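Colleague: Once you've had a glance at the structure underneath, I'll fire off some questions.
The values are calculated or read from the model by the stated rules, or taken from the named source; none is laboratory data. Fair warning: this is a prediction, and the values are worked out from it, not measured in the lab. For neighbour counting, all protein chains shown are included, and Cβ atoms are generated from backbone atoms with ideal geometry for every residue, glycine included.
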Amino acid sequence: MRAILLFLLMLFAGPAAIADSNLPPAVLANTPLPDPAQEAKAQELMASLRCLVCQNQSIADSHAEMAGDMRALVRERIQAGEDPEAIRGWLIERYGDWVSFRPPVEPATWPLWFAPLLFLGIGGLIAWRYIKRGQA
Amino acid sequence: MSRRLALWIPLGLFVAFLVVVGFGLRRPPQTVLASRLVGKPLPEFDLPGRIDGHDGLKTADFRTGRPVLLNVFASWCVPCAIEAPQLAALKARGVTIHAIAIRDRGEDIAEFLARYGDPFARIGFDDRSRVQLALGSSGVPESFVIDGKGIIRHQHIGEIRPDQVDALVAKVEAAR
């Protein structure tokens, strides 16, 4: 019984709570940009950027204050006319590829991007040989 | 015979896949995220001050020819209170410490310093984590060793523990 209670406690206790500051969120953290096209660009970028303090959430989904500050940063820069990929690049320069949910195409990630094509090719070859043999 | 063996290859690959995924799932998801800016110049910033006796903090304040410690902290951050004695020890050993207060009000910082001690020279207020993001810092507290030319030489993530003070003093000395 005690073991079950302890287990339940551990289940709900989770990681140490992250303290919040006394300052309100930045305006653009939770307010969409007036221009719908710009807001759509911002949303797309925010959904593919990783929150730095919460585990494996995007900054679009996270309620952490730092994620709010990152959303404000993204919206402000997009409003100023900056390209979304330039903003992603600025963050990668500071935090590495980890901050982006979209892995870059570079030699280290070639297997990730091109292995599926390779496997599809191998599968196609096997199927082709199998069918040819069946006809013979 | 070799064809028979070849039949087992897919199963073998599948088991290997399960092992990789199994180990991947057991790994803690939160990685310690080091800044990529170590070895590079501090980003340009100019933060206001809000505390009597402590000016704000800007990039030019670091180009003095002498290495300093830059402490990123907040009054609402529990580990920041825990590392306060270690910052005091660093100051006692001659290390100049500048601070960036993340999302903080002047009165809260004043109360924090009155309670836990005040080892800081300058304190800049970063209300929207903007400079923190520019630094590649992902939480509080973090400390950066900055050399006299304003180049980031070292990043310490998390609170400074008593047994880490010597190593940090050495890092500051090495940046001289």
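Colleague: Report, by residue number, each residue of segment B:97-107 that is surrounded by fewer than 18 Cβ atoms within 10 Å (Cβ to Cβ) and under 21 Å from the mean Cα position of the chain (by Cα).
Modeller: Within segment B:97-107, just B:105 meets the criteria.
Colleague: Taking the condition surrounded by fewer than 20 Cβ atoms within 10 Å (Cβ to Cβ) and at pLDDT 95 or above, does residue B:115 pass?
Modeller: Yes.
Colleague: What are the pairs with Cβ atoms under 8 angstrom where one residue, in segment A:53-64, is outside any loop (DSSP other than H, G, I, E, B) and the other, located anywhere, is buried (at least 17 other Cβ atoms within 10 Å of the Cβ)? Sequence gap at least six, or different chains.
Modeller: A:58/A:46; A:58/A:49; A:58/A:50; A:58/A:51
Colleague: Something else: Name the residue, out of B:110, B:88, that is over 21 Å from residue B:127 (Cβ atoms), of a type in the set (A, V, I, L, M) and out of contact with any Phe, Trp or Tyr (no Cβ under 8 Å at 6 or more places or on another chain).
Modeller: B:88
Colleague: Please work out if residue B:39 is in a loop (DSSP other than H, G, I, E, B) and either in contact with a His (Cβ under 7 Å, 6 or more places away or on another chain) or within 13 Å of chain A (Cβ to nearest Cβ) (or both).
Modeller: Yes: the conditions hold for residue B:39.
Colleague: If you don't mind, there's one more thing I want to ask. Condition (residue is within 12 Å of chain A (Cβ to nearest Cβ) and not aliphatic (A, V, I, L, M)) applied to segment B:86-103: is it met by at least one residue?
Modeller: Yes, there is a match, as at least one residue in segment B:86-103 is within 12 Å of chain A (Cβ to nearest Cβ) and not aliphatic (A, V, I, L, M).
Colleague: Considering each of B:94, B:117, B:124 in turn, give the residue that is out of contact with any helix residue (DSSP H, G or I) (no Cβ under 6 Å at 6 or more places or on another chain), small (Gly, Ala, Ser) and at positive phi.
Modeller: On the way: B:117 fails: out of contact with any helix residue (DSSP H, G or I) (no Cβ under 6 Å at 6 or more places or on another chain); B:124 fails: at positive phi.
Only one candidate passes the filter, namely B:94.
Colleague: Now for a different question. Condition check: out of contact with any helix residue (DSSP H, G or I) (no Cβ under 7 Å at 6 or more places or on another chain) and within 27 Å of residue A:30 (Cβ to Cβ). Does residue A:101 satisfy that?
Modeller: So residue A:101 passes the test.
Colleague: What's the total number of residues in segment A:90-113 that are over 12 Å from the mean Cα position of the chain (by Cα) and among the small types (Gly, Ala, Ser)?
Modeller: Total meeting the criteria: 2.
Colleague: Check whether at least one residue in segment A:99-106 is within 11 Å of chain B (Cβ to nearest Cβ) and at negative phi, and report yes or no. Before the answer, list the steps.
Modeller: Step one: list which residues in segment A:99-106 are within 11 Å of chain B (Cβ to nearest Cβ), which gives A:99.
Keeping just the survivors that are at negative phi gives A:99.
Yes, because at least one residue in segment A:99-106 is within 11 Å of chain B (Cβ to nearest Cβ) and at negative phi.
Colleague: Of all residues in segment A:78-92, which are exposed (fewer than 15 other Cβ atoms within 10 Å of the Cβ) and within 11 Å of chain B (Cβ to nearest Cβ)?
Modeller: Matches in segment A:78-92: none.
Colleague: Given the conditions (1) under 15 Å from the mean Cα position of the chain (by Cα); (2) in contact (Cβ under 8 Å) with a residue 24 or more places away in the chain; (3) crowded, with 20+ Cβ neighbours inside 10 Å, and given that residue B:133 satisfies all but one, which numbered condition is not satisfied?
Modeller: Unmet for residue B:133, out of (1) under 15 Å from the mean Cα position of the chain (by Cα); (2) in contact (Cβ under 8 Å) with a residue 24 or more places away in the chain; (3) crowded, with 20+ Cβ neighbours inside 10 Å: (2).
Colleague: What are the pairs with Cβ atoms under 7 angstrom where one residue, in segment A:88-112, is more than 21 Å from residue B:35 (Cβ to Cβ) and the other, located anywhere, is of a type in the set (Phe, Trp, Tyr)? Sequence gap at least six, or different chains.
Modeller: Between residues of segment A:88-112 that are more than 21 Å from residue B:35 (Cβ to Cβ) and residues that are of a type in the set (Phe, Trp, Tyr), the close pairs are A:105/A:113.
Colleague: If you don't mind, another one. Looking at B:134, B:81, B:99, can you tell me which residue is hydrophobic (A, V, I, L, M, F, W, C) and not in a helix (DSSP H, G or I)?
Modeller: Just a single option satisfies the conditions, and that option is B:99.
Colleague: So is residue B:83 out of contact with any strand residue (DSSP E or B) (no Cβ under 7 Å at 6 or more places or on another chain), within 23 Å of residue A:93 (Cβ to Cβ) and of a type in the set (D, E, K, R) or not?
Modeller: Here the answer is no, as residue B:83 does not meet what is asked.
Colleague: Looking at the structure I just gave you, is residue A:72 within 14 Å of chain B (Cβ to nearest Cβ), among the small types (Gly, Ala, Ser), in a helix (DSSP H, G or I) and over 21 Å from the mean Cα position of the chain (by Cα)?
Modeller: Working: within 14 Å of chain B (Cβ to nearest Cβ): yes; among the small types (Gly, Ala, Ser): yes; in a helix (DSSP H, G or I): yes; over 21 Å from the mean Cα position of the chain (by Cα): no.
For residue A:72, the condition - within 14 Å of chain B (Cβ to nearest Cβ), among the small types (Gly, Ala, Ser), in a helix (DSSP H, G or I) and over 21 Å from the mean Cα position of the chain (by Cα) - is not met.
Colleague: While we're here: Report the residue count in segment B:112-134 for those that are within 11 Å of chain A (Cβ to nearest Cβ) and among the charged types (D, E, K, R).
Modeller: 4
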